């Protein structure tokens, strides 16, 4: 067990380093002069040289790489548009995105788990058919369509919820549902499959033979075991949530890191783009690491198998 | 019987989009860029079946041309990913050892980027445009095929025919193309169908964010335009979104169908 945790943790850092390397080389992939691209063709040469120096682009590549990491760790990377250290710009936006992502995840779980369980218990019934149709729709309706449709119904037609922006709970509902519904489609499919697998297990028969009520057999014995693979899927879907956040934040003018990144691209603020990409990838890696550890702790079979 | 009907509907939907994409200039009632300012933002009518946008351009014509972008990107990304993924997976599986380890680590690294993030970052660096979108999506797309092919190669390697082909003196390339490719066709076809759906969705997302095709209409950019007029002209959002939804759900279901069919065949 300890061995697995240590190996998993040790694997995390090289991957993060690799991701930072990729992010570092972004600026060198730009066709033409990145500094001229940022400042525009009409920029004065003194300005160009100053920015080139600020971004260390006037130095040899290995020095640039070294300074990239030094700046990153010391928080000295400066956003060109905001004229502030990038992480000062990013953190409040990251919190807004995490607020949205976790709310969406909560909604997805609250919708998907009951649907998945019911549809497994009533396999091949009309209830199962409706549940499977729902999950297919959830997977296939793009969120750049779902969002506007929800706005059209709940904000414009019914006037119940605000169209955009970040404020109280009422602002959060529509974007969180837009993001959560897509995930709930996938999750309910997984919950159904996982529950079906567990329902065929022998230990449920012995639980019933002991005289336990059906409801406690399902909740205490079946669900508990079915939850383990579902947990992993939830973790893996976090990455999809972050990706979906780009679209959802754009539709609902939610001030998160996805929108910051897109705006950074259009204002050609490359340090901000680099830092945002790195932050998003790092949060994704961290969540996956936590899920892997939780999974290993929860499931003895994985633990033993991985230690082999 | 019911399943066959569903499959027929799927193929008809996909066929209609392919037909529209291939013959767009002949089918579109208007030029996609022809402006007509007087009745801007008007809804569906007999003259303009799906209505007009702010500049009075015909939405149906723009969507017919949009189908071109969607399918072009979907099919190209899957083809490129398939070729690259197949080669990498086959090399990794057949040779094993250090080469396999190195390739798998590269794949792990690429998979550390969540979904569309790498594509967005690349589009940011390379600039918008269809070619760049295809490149950016293929860069991550091949990873899934490489894993699939490698996994299958490892399974097939253990089977008796592989050993006997080797014993008869068949070279590696011959074994791959004569024996592995036919065995792989099924699972690869399933993944390709899901892959087209995924690439169409990703292209529409990038275009929606303004990072996709420029100048030519695509479903994503039509939606991004339409969303500004959600209150006055909801048709500009509803129809392009519906088109993406139909395409994506059709390819997803087609993938399911092929997978089911293969499972039944295997049981026989």
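The values are calculated or read from the model by the stated rules, or taken from the named source; none is laboratory data. Computed from a predicted structure; not experimentally measured. Every residue, glycine among them, receives a Cβ derived from its backbone with ideal geometry; neighbour counts consider all protein chains shown.
Things worth noting here:
- Checking each residue in the range B:250-263 for being touching a residue at least 12 places away in the same chain (Cβ under 8 Å), surrounded by fewer than 23 Cβ atoms within 10 Å (Cβ to Cβ) and within 11 Å of another protein chain (Cβ to nearest Cβ) picks out B:252, B:253.
- Checklist (1) surrounded by 14 or more Cβ atoms within 10 Å (Cβ to Cβ); (2) free of Cβ contacts under 8 Å to residues at least 40 places away in the same chain; (3) at positive phi applied to residue B:215, failing item: (1)
- Residue B:123 touching a residue at least 60 places away in the same chain (Cβ under 8 Å), under 25 Å from residue A:285 (Cβ atoms), in a helix (DSSP H, G or I) and within 14 Å of another protein chain (Cβ to nearest Cβ): yes
- Residue check, residue B:73 modelled with pLDDT of 85 or more, part of a helix (DSSP H, G or I) and surrounded by 15 or more Cβ atoms within 10 Å (Cβ to Cβ): yes
- Test: residue A:55 is over 30 Å from residue A:190 (Cα atoms), surrounded by fewer than 17 Cβ atoms within 10 Å (Cβ to Cβ) and out of contact with any strand residue (DSSP E or B) (no Cβ under 8 Å at 6 or more places or on another chain): no
- Selected residue (only one of A:181, A:158, A:152, A:137 is assigned by TED's automatic domain parsing to the domain that holds residue A:244 and touching a helix residue (DSSP H, G or I) at 6+ places or on another chain (Cβ under 6 Å)): A:181
- Residues in the range B:126-142 that are within 22 Å of residue B:187 (Cα to Cα) and either away from every other protein chain (no Cβ under 14 Å) or not in a helix (DSSP H, G or I) (or both): B:138, B:141, B:142.
- With a requirement of 1 or more residues that are farther than 25 Å from residue B:252 by Cα and more than 11 Å from every other protein chain (Cβ to nearest Cβ), the helices (runs of 4 or more DSSP H) lying completely within the range B:172-231 that satisfy it span B:172-175, B:219-226.
- As a summary of the residue check, residue A:245 satisfies the conditions (1) surrounded by 23 or more Cβ atoms within 10 Å (Cβ to Cβ); (2) touching a helix residue (DSSP H, G or I) at 6+ places or on another chain (Cβ under 7 Å); (3) over 20 Å from residue A:107 (Cβ atoms); (4) more than 9 Å from chain B (Cβ to nearest Cβ) except for the one numbered (3).
- Helices (runs of 4 or more DSSP H) fully within the range A:210-308 counting 3 or more residues that are at pLDDT 85 or above: A:223-251, A:257-266, A:270-298
- Residue tally, condition farther than 27 Å from residue A:197 by Cα and surrounded by fewer than 19 Cβ atoms within 10 Å (Cβ to Cβ), over the range A:95-131: 5
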